[in-house]
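The values are calculated or read from the model by the stated rules, or taken from the named source; none is laboratory data. Small disclaimer: the values here were computed from a predicted structure and weren't measured. Backbone-built Cβ (ideal geometry, glycine too); neighbour counts: all protein chains shown. Side chains included, ligands, DNA and RNA excluded: accessible areas come from the protein's heavy atoms. Shrake-Rupley method; radii C 1.70, N 1.55, O 1.52, S 1.80 Å.
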Amino acid sequence: MTGRIPDGQAFSDGQVPPGGQVPPGGQAPPGAQPPPRTVHIGTVTGSAFAVGDHNTVTQHQHPGPADEGQAELLRAVRELRADLARFVATDTTEILDAELVSVEDEIESAGAAAPGRLARLQQALTAAGALTGTLASGVAVAESLSTLLGG
C-alpha cells in the first residue's frame, strides 16, 4: 500500500505506513520503516514523564526547607558531616553524625526539623564540643540551632 491511509484505518502489524502519518490506532505493513521521531523537552519542574515503550515513571517530590533558618541549618549540617568524615570516628562523633543525618533527612522530607530533633542535635553537638567548637561548620550548626531554638 502506498500513500496515506485514512484516519481510523489501521495496518495489522502496528507499523507506520510508508510516507504517511499514523492515524489513531494506525498500523503499517511488514517491513515499513517508521519515520524518525524526535522529542524536545524544555524545562520541567514538579513533573514526571516517560518517552518510549515499556517505561515506568516514579516520582518522588520532597519539599525544600520551610524557611531560611531551616535552609541555613541544612547547609551547615551537610558541611559539618563532610568535616566529621575527615576525622577518626569516636563514639561521640558517631552519635553526632547520627543526629546530623536525622536532622538532614527530616528537613529534606518534611521541610523542617522538629524542635525535639533539634534539641537532640544540640546535645550531641555540645557533647562533641572539643572537636566541633574548632570547626567553622560546627560553629555554624550551633548558631543555626540557637536561632531556631530561640536561645
Rounded to a whole %, the carbon-and-sulfur portion of the accessible area of segment 61-151 at a 1.4 Å probe is 54 percent
Descending packing, highest mean Cβ count within 10 Å first, for 81-91, 139-149 is 139-149, 81-91
